[in-house]
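K.L.:
Here it is, the structure in full.
The values are calculated or read from the model by the stated rules, or taken from the named source; none is laboratory data. Keep in mind that what you see is a predicted model, and the values were worked out from it rather than measured. Backbone-built Cβ (ideal geometry, glycine too); neighbour counts: all protein chains shown. Heads up: the accessible areas ignore ligands, DNA and RNA and are worked out on the full protein's heavy atoms, side chains in. Shrake-Rupley method; radii C 1.70, N 1.55, O 1.52, S 1.80 Å.
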Amino acid sequence: MLTPIRVRGRRKKRPAPTEEDAGGSQPKRFKRCGGRRLMSLAERYRSSQRQASQRARRLIAAKPAKQPPKKLSRLETLPVELIEKIFLHSLNVNLPRASSSLAATVSSERIYRALILLAFWNDVPSATGPFDVVSATAIAKILRPLDYIPLDLAERGALQSTILRCKWCTEQRLLSRFPDLMGLSIQRHWFSAGVTMDADEEENLRRFLAREEDGAGSRSFQGTDKDNNHYTLSVSPLVSVTVTCLETETAQTHRILGVTEFPERLLRGEHGFSSDTIAYLEVLRLASGFSRSELMETQVSLPRDALQKGVRAALEAHNAEALASLLKIDEYHFRCRNTNVAVTNSVPYKIPAEHFRTAVRVARNEPALFQILLRASAESVPADDSNITQWAMDLDDPFGRWLLDLMLQLPQRIEAANANPAEGALFYLGRANAQVELARRYLNEILGVEQLGSWMEETSHDFESQWRSL
């Protein structure tokens, strides 16, 4: 006999019915059990309807009672124009946060525009006076719905710091207000000073401000005052206006943007360094006066820790433009704040040595990022770093050999830079000091040029194209 093999899943063979089963009154599967009887179609329908009604009653009972409409305060019921006036007079950004009704009332483009113009127009009270009535009317028209009262430096700084932290104060919204800021500066320092223009010159200026004609670089316009003195108005789009008296040969430059601080989120590169972000950074740098080959006093506040984080982010993103712009801002601001008349008391400018290690790590085959860091502060290179030394040896080119010599001479170079930053450092505001041998070698062997000037005036951004596109 073969041994039966049980296969999982196979049905057992039913045994043949017996005589007892056959003689029963009905098959076993139809025998009545002790369970609930089957419901008819009508009973099932009635049960389903009853359960649906019970579910509906439970949902209605669980639904919260309708809240009565919220009663508005007396302030919220005022006309929109009056609420706007109260907000602009108080300059308290916490007012719209008090209720959604107030927030909706003052969250408009005209309010944003008025706040930006008031916070960034450098028109301190000491510069104001009994100006021309026509010009005052034009200024009031540009600033409406604001009843303009000039703010001092501390008040403007507090307002700037407040609105820069608001979500609505975006880069594009701020840049879009630059033409208005430029118009305000021209009104204040040209027309308000009593300078008049003939019809043709005034029409040319109007067309220029309306961007109805192309132009390159600065634009110049002529005018005379009541004493028949001749003046020239030179406009650098989005940056500054310069008024020059031809008889006295004196010139006054007025920056159109009164920056009191750089936004931290911009310096850190929170959202990366896109072309628009770099353009915004360069506009702020030049408008702040950080574009000169000589140091000038500045009142701009700079969060240096945030800027160093931005430098690291630019290095890791291989963004040379953002890296150069950030280093220019950092060096100029630091030297302005820490340089005395007696250079022997000046604090030496340095950048973190970690930046050089990062440049080697992220771009081993491309020394351009490392060279940008050198132009900011060559004396900040870590002298005893084995990775940088090995990298310089692996380059096996003139720059690698020059870098090894620099690392050997760093103690002497640091001492010379500390004693006289302007003449003893290899680079000062981006300018190569040709009287230093290593700097001469860098010019000849690496760059193949005779001199390298200050990089503060250098910019990759086309302000003229941006001016026409706003």
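K.L.:
Within the range 205-220, can you find the residues that are over 14 Å from G183 (Cα atoms) and at pLDDT 85 or above?
P.N.:
Hit for the range 205-220 is S220, nothing else.
K.L.:
Still on this model: Counting just the residues of the range 150-161 that are open to solvent by 40 Å² or more (accessible area, probe 1.4 Å) and assigned to a helix (DSSP H, G or I), which one comes out nearest to S275 (Cα to Cα)?
P.N.:
Filtering the range 150-161 for residues that are open to solvent by 40 Å² or more (accessible area, probe 1.4 Å) and assigned to a helix (DSSP H, G or I), the one nearest to S275 (Cα to Cα) comes out as A158.
K.L.:
Scan the range 323-335 and tell me whether some residue there is touching a helix residue (DSSP H, G or I) at 6+ places or on another chain (Cβ under 9 Å) and open to solvent by 40 Å² or more (accessible area, probe 1.4 Å).
P.N.:
Among the residues of the range 323-335, not one is touching a helix residue (DSSP H, G or I) at 6+ places or on another chain (Cβ under 9 Å) and open to solvent by 40 Å² or more (accessible area, probe 1.4 Å), which makes the answer no.
Quick grid of which residues meet (1) open to solvent by less than 50 Å² (accessible area, probe 1.4 Å); (2) within 29 Å of S275 (Cβ to Cβ):
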{"position": "R364", "(1), (2)": "no, yes"}
{"position": "A376", "(1), (2)": "yes, yes"}
{"position": "V381", "(1), (2)": "yes, no"}
{"position": "L403", "(1), (2)": "yes, no"}
{"position": "M407", "(1), (2)": "yes, no"}
{"position": "R413", "(1), (2)": "yes, no"}
{"position": "N420", "(1), (2)": "no, no"}
{"position": "S454", "(1), (2)": "yes, yes"}
{"position": "H461", "(1), (2)": "yes, yes"}
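K.L.:
Give just the number: which of (1) charged (D, E, K, R); (2) surrounded by 14 or more Cβ atoms within 10 Å (Cβ to Cβ); (3) more than 22 Å from L117 (Cα to Cα) does E264 not satisfy?
P.N.:
(3)
Each row is one residue, and each column tells you yes or no for (1) closer than 24 Å to L284 by Cβ; (2) open to solvent by 40 Å² or more (accessible area, probe 1.4 Å); (3) modelled with pLDDT of 85 or more; (4) in a helix (DSSP H, G or I).
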{"site": "A104", "(1), (2), (3), (4)": "no, yes, yes, yes"}
{"site": "L115", "(1), (2), (3), (4)": "yes, no, yes, yes"}
{"site": "A119", "(1), (2), (3), (4)": "yes, no, yes, yes"}
{"site": "N122", "(1), (2), (3), (4)": "yes, yes, no, no"}
{"site": "F131", "(1), (2), (3), (4)": "no, yes, no, no"}
{"site": "S135", "(1), (2), (3), (4)": "no, no, no, yes"}
{"site": "A138", "(1), (2), (3), (4)": "no, no, no, yes"}
{"site": "I142", "(1), (2), (3), (4)": "yes, no, yes, yes"}
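K.L.:
Within the range 422-435, which residues are surrounded by fewer than 19 Cβ atoms within 10 Å (Cβ to Cβ), touching a helix residue (DSSP H, G or I) at 6+ places or on another chain (Cβ under 7 Å) and in a helix (DSSP H, G or I)?
P.N.:
Within the range 422-435, A422 is the sole residue that qualifies.
K.L.:
Which one of A251, A287 is within 30 Å of E423 (Cα to Cα) and in the same structural domain as L153 (by the TED database)?
P.N.:
Just a single option satisfies the conditions, and that option is A251.
K.L.:
So which pairs qualify, if the first residue must be in the range 366-382 and in the same structural domain as L323 (by the TED database) and polar (S, T, N, Q), the second must be part of a loop (DSSP other than H, G, I, E, B) and open to solvent by less than 20 Å² (accessible area, probe 1.4 Å), the Cβ gap must be under 7 Å, and the two must be at least 6 apart or on different chains?
P.N.:
Hits for this filter: S377/Y349; S377/I351; S380/I351.
K.L.:
Please work out if F208 is farther than 26 Å from S291 by Cβ and either in contact with a Leu (Cβ under 7 Å, 6 or more places away or on another chain) or of a type in the set (A, V, I, L, M, F, W, C) (or both).
P.N.:
No, not satisfied.
K.L.:
Can you tell me which residues in the range 383-401 are open to solvent by 10 Å² or more (accessible area, probe 1.4 Å) and not hydrophobic (A, V, I, L, M, F, W, C)?
P.N.:
Scanning the range 383-401 gives D384, D385, S386, N387, T389, Q390, D394, D396, D397, P398, R401.
K.L.:
Filter the range 284-305 down to the residues that are closer than 16 Å to G269 by Cα and either among the charged types (D, E, K, R) or open to solvent by less than 10 Å² (accessible area, probe 1.4 Å) (or both) and list them by number.
P.N.:
L284, R285, R304, D305
This table checks each residue for (1) outside any loop (DSSP other than H, G, I, E, B); (2) touching a Pro at 6+ places or on another chain (Cβ under 9 Å); (3) open to solvent by 40 Å² or more (accessible area, probe 1.4 Å).
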{"position": "R173", "(1), (2), (3)": "yes, no, yes"}
{"position": "L184", "(1), (2), (3)": "yes, no, no"}
{"position": "R188", "(1), (2), (3)": "yes, no, no"}
{"position": "S220", "(1), (2), (3)": "yes, no, yes"}
{"position": "L233", "(1), (2), (3)": "yes, no, no"}
{"position": "E247", "(1), (2), (3)": "no, no, yes"}
{"position": "T253", "(1), (2), (3)": "yes, no, yes"}
